[in-house]
Each structure stands twice: as C-alpha cells, then as structure tokens.
Amino acid sequence: MRFFDLETRGYVDLTQYGLDRHIDGLSDLMLVTWQDVTAEEKSEVHWWSPFLESGPPPAPVDDYWIAWNSRYDRLAWNKLRHKYGFPELPVDQVLDLAAQGMAFGLPKSLSGAAQVLRLGDKKSNKAMLDFADASRPIDESLWPEFIEYGIRDTELLYKIWYNTRKLSRQEWEQFWASEKINDRGIAVDLDLAAKAQNYAIDERQENEPQFRKPSDGIELSRSVAIAKYIYSKLPHDMRDVMVTEFDPETDEPKRLSLNSKTVLPELLDEARARDLEVVDMLEMLEYARGSAVKKFAKMQTLAKPSDHRVRGSYVFNGALTGRYSSWGLQLHNMPRKTASLEVLEAVRNEERPLAPYCNGTPVAKVLPQLLRPSLVAEEGNLLVWGDWSAIEARVLPWLANSRGSRKILAQFAAGIDIYVELAKEIFHTSEVSDEQRQAAKIAVLSLGYGGSVGAYRAMARGYGMRVDEEFAREIVTNWRQANKWARGFWDALWDAFTGSVETPGVPYKAGRLQFISRNQTVYCILPDGRPLVYVDVRREQDEETGQWEWTYRYPGTTKGKRKKIWYGTTAENACQGTAASLLREALVDLQDYGAVGHTHDEVILEVPKRKIRPAKRRLREVMLTERQWAKDLPLNCDIQSDKFYHK
C-alpha cells in the first residue's frame, strides 16, 4: 500500500467553483509525500517536488494508493502526470481514507479525525494557504514548513488507517462506482438556471417590502431581531418552542431560535391553524431562507464551461447509515415536485409576470420546482431514471421478519395497494376516499420509526396536508393497532442494542439484524454484512430532565457533541442503511450504463437515444434484482425517460 498526499497550487477558488474547475486551473507547482507499507516493512516518508532538489519522484507500485479525500489527489496527479511523466492513477487503484473514517463516525477533515482518535492534533499551517493560492508569489523560505506539513499528513494517514475498521472489497467497489459517477457528472441547462435565478431574485425583491412593513423595517438578514419580533407577536402558549436558553436570574428568554427545519415549520403549522396575523411574516421568512436562488447560482458556477457538466456531487459514506450525502447542488434535497411544462416554457421565454402560469400557486413556491428540470441530457442523449416504490415501507417490515410484518410484505408482493388496505383499517370503512388513502400513506411513511403525533403532522405538512392534533393522534393510535409487529420490532431492537452494550462481545439478534459491542462501540450488522457503527456509547443523565438516556458520539464532530439514541433511531438507521445497500449495489451493476446521478431511492442514467430501450430494461432488471442477502424482499420501481429530469 502507498499512503500519499499531494499539495498543489491553483488559480480557481476551490470553495466557489468546485474541485473539477479548480483542477483545471492548477499551476505546475506540486509537492508529493508518500510512504510505502508492505506486510514486511514500512518505509520512511519520502517527498518530491520538481522545484526543489530531492530524491526521485514516486515510482509506480502495483498496489492501492491511499489518500484523504482522495478524489482531489487522484485528479491533481492525473492532471500533472503528463508534464512529469507519472503513471496514470485509475479510479480502482485509489482508496479514500476519509470514506473509511466516516463509516467509523469520524469527521470529514483529516485534522478532525486525528483529534477524535487522539493521534495528536494536526496543527493548521497558514503557510499552506499561500502555497495553494497560485495568485500569490510563493515564499521560498517556507519550503521546509511545506515539506513538514506534507510529511505530517502522510504519517497521520498511516495511523488512521490502522485505527479504523477496514472497508470490505465490496464496499471499495461501491466507492469506485460512486467515483465514476462523480467523474462523469451531470449536464445542466445553464440558460434555464440563469433565467430561473433572475425570477427568484425579482420575487425576493418584490416581497421584501411586504416583510419589512409589519416588522418595523427589520431586514431579512437580521435573524436575532426578527426572532425577537416574531416572539413578541406570538400568543404566550406558542412562545416556548422558540426558546433555547433562559436567563437563570430573570427566567426570561436569553436565546431564541427560528430553526428552518424544526421551529419555523411548527410555528407556521400552528399559526395557520389559528389564522394568526403573524402567518404572513413566517411564510415570507420561510421563502427568504429558501435555497432556490443559491442552487440556481451554484449550478452556473460549478458547471464546467466546456461541457456544462457538474461533477463531484456525491460523498460516499456521507452519513452513518452508509447513505451518500451530496455536495454543491445537493441533489438529494431538490423538491420532488416539478413545475408544469407551461411554467417551464414561460420561464424559457422570460414571460412576465409569471404568476398567471402558476395556477394559483405562489411563484416563490413554483421556482424551486425548476431545479430538477435544470438537469438535462447532452445533445443526442436522454436521461433514464428509476424510482424504487415505497422502498423504506418495504424494507422495515422485511427487517422485522415477523408474522405480522410478513403480511405487509405479502400485500406488496401481490401488488395490493397497501395504503388503501391500511386506510380501511384506520378509518373502519370498506370504501376509501383519496383523502383517506393519502392519510394512510403519510402514516406508513412517518410512523414506522416510533414517531407519534409530531412526526405525522410534520410529514403531512410536507405533502400539503394540514391536520390538527386530535386527528393526528387518532391516526397514530389506529396505525399502531393495525401494525402491532412494529411495536414488537422496536422492543426487540432496543433489547438487542442495550443488551449488546451491557454484555460486550455477545451478539444479539433483532429480526434480520445483529448487534454486538466492543470497547463501548456498538455494531449493528445489516443483512448484507455491512455494520453501522455507534462509537462511545454511554448511559447518561440528562441535566434538564434528570432522566437517564443512551447516547453516542455524534458522527463527524470534534467537539464532544453527543446524540441521543432510542429504538426509533435504531429502526430508522437500519432501514435507511439497508435501502442504501440496495442502491450501492445497483450503482456497481450499472457502471457501464452511464450512471450520472442518484438520490436515496432513484438512479439516473444518461444514454444515447438509440440505446434507450435496452437501458430501460437493464435499469429495471438491476433495481428489481433479488440480492443474495435480501431474499423475499418484494421490490418495485417506476422507470421514466426524458430530455430533462422530473417527477
């Protein structure tokens, strides 16, 4: 094995324009450090730069090259190899230690990982910022610092490799498939993105005065002032949700929150139900914080001018579950709903005003629906994508593997509409309306991980439904009565998790899962053999409530932050992790069919028009393949194709 680190200089800002455009703008200056390790010996760390007198450059080795965030090192090496006569580094010869570290709950940065593993702090070196920026003259006197920095990084790579769980060959094959997707990228309709961005900017400017008027001229960016103002306008019984800290002396609120994912949606839901005047301001704030404008702008800065493709969007093992995370365009977070063809054409033609084409939906809510259609196929090609149907609703009962859960799976296998069947049980009726089916569907999607009224109402809100607490509570009660297998699975999961902690080294089963702990680390072994890792598990007393609870080290943090874990967490992580395993294996099988993107339950290909039929057949075949470890898991998918991506 070869551990290596590459330091380069670039003219293009990495943080603004992304890795691939940064690599295109590299200068010729480079510094490479490396250390070769075999079963018999470990070499010292070598270094080489074409601008200094040093030993020979790294010779080819028929073994894996290991780096941290390896796509940078691989692309930079291959960019400069022609000038210096280096051998090419193929994707499947490079291992990413960051991907291995994140599967162990480590931060994405090398310094953070070293800190968490107590391998010594990787001291930041401000001089390296000057080294990396090709627009600044290099300070020749700092070369000893540059070399020391590279050697220190390379030594850390070796230490971290031997202090983390080694990924299996299958996991590395999945990583390589992901890297090929990152290298291929996906094309963007830059004209549509630019026009949509202009509409979004106009809409925000038009609505900002409406926001200022009721708030006495407070600007959108003044979050503290806005929070205080909204707090003052809320009824007293709605205020506590905003308070994150009270002053111990006065018992008055000290810190307020308008968190976009938790606090703001809850306030909006309740304010709308009560028809409060503050609804308008909350809705305006929700839009003002929207990411549509930023994403349309990001498309234009990340896309290469030569081919309009955005690359490097996916982070392998980006989540504890083994799910991918998404950087830059954040494809996983794009709204599922897509604007109508009428709206698309109006935007392309720059029709103003846009509202008449939106069928009564506010323009601010329609514009994010243009994000998916901004992803397109190149001339002569089409996008083909498949969407697993209700993947988590199938995986969870399959993992439970009980008599009651197998009844759910039998309905899926027979092609029965499970939402209709559930609605019959929940509403005690033989004739199910569309509204009742939707209510049942939301129950299936929101309650399987132990969630209650809050989870149901939040999911309903995402589907455009507003339900009161009484209705939600009735749904929760009836769903749990109709799905007693779920309660049994939650209990089994929790018994297995806590049992494994209390008796290290002893395996505990829960459905198709197995839990085992070593050194305060709990491993949840998924059916495909891949473990989910909970590091530094403890039982602690909550300072506020006084209740004892189980916690583990929050993945990716260096600041000692901890996360509570309960049976709902174990159910959700295991289900999403198993679904991620299906996706990861599918992407490996589709490497030769032009995979260009994916979300948690979708796979996107780009193929020549003449190959559209075989591509659709192959995509369906792969998505419905019964994996050796997933016997009797009934899968279904929907396959679509078009010039642009949509739902």
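The values are calculated or read from the model by the stated rules, or taken from the named source; none is laboratory data. Quick caveat, the model's predicted, so the values are computed rather than measured. Every residue, glycine among them, receives a Cβ derived from its backbone with ideal geometry; neighbour counts consider all protein chains shown. When the accessible area is computed, the model is the full protein with side chains, heavy atoms only, and any ligands, DNA or RNA have been set aside. Shrake-Rupley method; radii C 1.70, N 1.55, O 1.52, S 1.80 Å.
How many of the residues in segment 123-160 are open to solvent by less than 40 Å² (accessible area, probe 1.4 Å), part of a helix (DSSP H, G or I) and touching a Gly at 6+ places or on another chain (Cβ under 7 Å)?
Count: 1.
One line per residue, one yes/no per condition, for (1) more than 30 Å from ALA496 (Cβ to Cβ); (2) surrounded by fewer than 17 Cβ atoms within 10 Å (Cβ to Cβ):
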{"residue": "SER326", "(1), (2)": "yes, no"}
{"residue": "MET334", "(1), (2)": "yes, no"}
{"residue": "THR338", "(1), (2)": "yes, no"}
{"residue": "LEU354", "(1), (2)": "yes, no"}
{"residue": "TYR357", "(1), (2)": "yes, no"}
{"residue": "GLU379", "(1), (2)": "yes, yes"}
{"residue": "GLY386", "(1), (2)": "yes, no"}
{"residue": "SER405", "(1), (2)": "no, no"}
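Which pairs do you get when a residue that is of a type in the set (Lys, Arg), found in segment 189-205, comes within reach of a residue that is at pLDDT below 90 and in a helix (DSSP H, G or I), reach meaning Cβ atoms under 9 angstrom, with the pair 6+ apart or on two chains?
ARG204/TYR287; ARG204/ALA288; ARG204/VAL293; ARG204/ALA364
What's the total number of residues in segment 285-306 that are assigned to a loop (DSSP other than H, G, I, E, B), open to solvent by 50 Å² or more (accessible area, probe 1.4 Å) and at pLDDT 80 or above?
Counting residues in segment 285-306 that are assigned to a loop (DSSP other than H, G, I, E, B), open to solvent by 50 Å² or more (accessible area, probe 1.4 Å) and at pLDDT 80 or above gives 2.
If you go through segment 320-344 one residue at a time, how many are in contact (Cβ under 8 Å) with a residue 24 or more places away in the chain and either assigned to a loop (DSSP other than H, G, I, E, B) or among the basic types (Lys, Arg) (or both)?
Result for segment 320-344: 14.
So is GLU474 closer than 19 Å to ARG437 by Cβ and of a type in the set (D, E, K, R) or not?
Answer is yes for this residue.
So which of LEU267, LEU331, LEU276 ends up being within 30 Å of ASP96 (Cβ to Cβ) and among the aliphatic types (A, V, I, L, M)?
LEU331
Test each condition in (1) touching a helix residue (DSSP H, G or I) at 6+ places or on another chain (Cβ under 9 Å); (2) at pLDDT 80 or above; (3) farther than 30 Å from THR557 by Cβ; (4) open to solvent by less than 60 Å² (accessible area, probe 1.4 Å) for GLY318 and report the one that comes out false.
(3)
Only one residue in GLY488, GLY505, GLY454 is within 25 Å of the chain's Cα centre (by Cα) and of a type outside the set (Val, Ile, Thr), so which one is that?
So the residue among GLY488, GLY505, GLY454 that is within 25 Å of the chain's Cα centre (by Cα) and of a type outside the set (Val, Ile, Thr) is GLY454.
Go through (1) without any contact (Cβ under 8 Å) to a residue 12 or more places away in the chain; (2) more than 15 Å from ILE408 (Cβ to Cβ) for ARG487 and report which single condition fails.
ARG487 satisfies every listed condition except (2).
Would you confirm, using the coordinates I've provided, whether ARG618 is buried (at least 17 other Cβ atoms within 10 Å of the Cβ), without any contact (Cβ under 8 Å) to a residue 40 or more places away in the chain and assigned to a helix (DSSP H, G or I)?
So ARG618 passes the test.
Of the residues that sit in segment 233-284 and are at pLDDT below 75 and basic (Lys, Arg), which one is surrounded by the most Cβ atoms within 10 Å (Cβ to Cβ)?
ARG272
Are there any pairs with C-beta distances below 8 angstrom linking a residue in segment 562-582 that is over 14 Å from PRO397 (Cα atoms) and open to solvent by 10 Å² or more (accessible area, probe 1.4 Å) to a residue that is assigned to a helix (DSSP H, G or I) and aromatic (Phe, Trp, Tyr), with the two at least 6 apart or on different chains, and if so which?
TRP566/TRP494; TYR567/TRP490; TYR567/TRP494; TYR567/PHE497
Per-residue answers, yes or no, for (1) under 20 Å from ASN69 (Cβ atoms); (2) of a type in the set (Asp, Glu); (3) at pLDDT 85 or above:
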site: LEU106; (1), (2), (3): yes, no, yes
site: SER111; (1), (2), (3): yes, no, yes
site: LEU119; (1), (2), (3): yes, no, yes
site: ASP130; (1), (2), (3): no, yes, no
site: SER135; (1), (2), (3): no, no, no
site: SER141; (1), (2), (3): no, no, yes
site: ILE147; (1), (2), (3): no, no, yes
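Quick check on ASP495: is it out of contact with any Cys (no Cβ under 8 Å at 6 or more places or on another chain), in a helix (DSSP H, G or I) and open to solvent by 80 Å² or more (accessible area, probe 1.4 Å)?
So ASP495 fits the description; yes.
In this structure, does ALA346 turn out to be open to solvent by less than 20 Å² (accessible area, probe 1.4 Å) and small (Gly, Ala, Ser)?
yes
Condition first: at positive phi and surrounded by 12 or more Cβ atoms within 10 Å (Cβ to Cβ). Now tell me which residues in segment 530-559 satisfy that.
ASP536, GLY556, listed by residue number.
Return the total of residues in segment 512-527 being open to solvent by 30 Å² or more (accessible area, probe 1.4 Å) and within 16 Å of ALA579 (Cα to Cα).
Result for segment 512-527: 3.
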